[in-house]
Amino acid sequence: AEDEMKIIRWVVVVGVWAVGSAGAREFSLTRLSAALHSPNVGVRIEGAKDLSQLPDPAVVGLIAIALRDESPVVRKHAAKASAAWKTEESVAMWVEVLRHGRFEDTRLEAAGALGATDDERALEALLNVLKSSSSPEVQAQVAKALTRHHDPRAVEGVRTALHHENKLVRLVAIR
């Protein structure tokens, strides 16, 4: 019954939002923000799951909050929600996560997301992290992301990865 009520509540909120109610939009963003700042991990997980339900660029800021959460489950749902956003703000968020993220899982997600965009900032961040990261897993994901870019600098980055000291990075660069 509780799950059914949650679904009904979101159908109403998203439906009202879709027809243009500023109040519903503000209510939804406030509710999500409160959920993501809750001391209860279960509430934060539900909030992170709900991030993908709201069609609003303002959600990108909330996704950034969830990507810094201590819970890997919250971070996983935030990363899934972010996949739909290909805005300037989301690219900036992913660049920040890749360069300075505390958690390797979100840095891996960031590299993948940045590999899917042709934004100049994405390419610069990928190249920088390939050289500077101490994590072979992150460097391997960056090499994979660079293979999707057609810029000559990306090709050079992949060549660099082919000669990396870590076997995983070299193997990913070959593919």
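The values are calculated or read from the model by the stated rules, or taken from the named source; none is laboratory data. Treat the numbers as computed from the prediction; the structure is a model and nothing was measured. Quick reminder, even Gly has a Cβ in these numbers, built from the backbone with ideal geometry, and neighbours come from all protein chains shown. The area values use the complete protein model at the heavy-atom level, side chains included, leaving out ligands, DNA and RNA. Shrake-Rupley method; radii C 1.70, N 1.55, O 1.52, S 1.80 Å.
Could you pull out the residue among Val172, Val95 that is in contact with a Lys or Arg (Cβ under 9 Å, 6 or more places away or on another chain) and over 30 Å from Val41 (Cβ atoms)? Before you say what the answer is, go through the steps one by one.
Numbers: Val95 fails: over 30 Å from Val41 (Cβ atoms).
None of the other options fit; the residue is Val172.
Inspect segment 112-134 for any residue being at pLDDT below 95, outside any helix (DSSP H, G or I), hydrophobic (A, V, I, L, M, F, W, C) and in contact with a Pro (Cβ under 9 Å, 6 or more places away or on another chain) and give the result as yes or no. No, that holds for no residue. Can you name every residue in segment 110-123 that is open to solvent by 80 Å² or more (accessible area, probe 1.4 Å) and closer than 20 Å to Ala64 by Cα? Of everything in segment 110-123, just one residue is open to solvent by 80 Å² or more (accessible area, probe 1.4 Å) and closer than 20 Å to Ala64 by Cα, namely Arg121.
Scanning segment 62-72 for residues that are surrounded by 14 or more Cβ atoms within 10 Å (Cβ to Cβ) and either of a type outside the set (Gly, Ala, Ser) or assigned to a helix (DSSP H, G or I) (or both) yields Leu62, Ile63, Ala64, Ile65, Ala66, Leu67, Arg68, Asp69.
Whether any residue in segment 84-100 is of a type in the set (Gly, Ala, Ser), at pLDDT 70 or above, open to solvent by less than 80 Å² (accessible area, probe 1.4 Å) and in a helix (DSSP H, G or I) is what I want to check. Scanning segment 84-100, I find at least one residue that is of a type in the set (Gly, Ala, Ser), at pLDDT 70 or above, open to solvent by less than 80 Å² (accessible area, probe 1.4 Å) and in a helix (DSSP H, G or I), so the answer is yes.
Among the residues of segment 124-148, which ones are hydroxyl-bearing (Ser, Thr, Tyr) and either in contact (Cβ under 8 Å) with a residue 12 or more places away in the chain or open to solvent by less than 50 Å² (accessible area, probe 1.4 Å) (or both)? Give the steps one after another, and end with the answer.
Step one: of segment 124-148, the residues hydroxyl-bearing (Ser, Thr, Tyr) are 132-135, 147.
Result: Ser133, Ser135, Thr147.
Residues that are aliphatic (A, V, I, L, M) and either under 15 Å from Glu104 (Cα atoms) or open to solvent by 40 Å² or more (accessible area, probe 1.4 Å) (or both) within segment 149-175 comprise Val155, Leu162, Leu168, Leu171, Ile174, listed in sequence order.
Working only within segment 42-61, note down all residues that are under 29 Å from Asp118 (Cβ atoms), open to solvent by 30 Å² or more (accessible area, probe 1.4 Å) and either assigned to a helix (DSSP H, G or I) or touching a residue at least 60 places away in the same chain (Cβ under 8 Å) (or both).
Step one: filter segment 42-61 for residues under 29 Å from Asp118 (Cβ atoms), giving 48, 51-61.
Okay, now just the ones that are also open to solvent by 30 Å² or more (accessible area, probe 1.4 Å), so 52-53, 55, 57-58, 61.
Correct list: Ser52, Gln53, Gly61.
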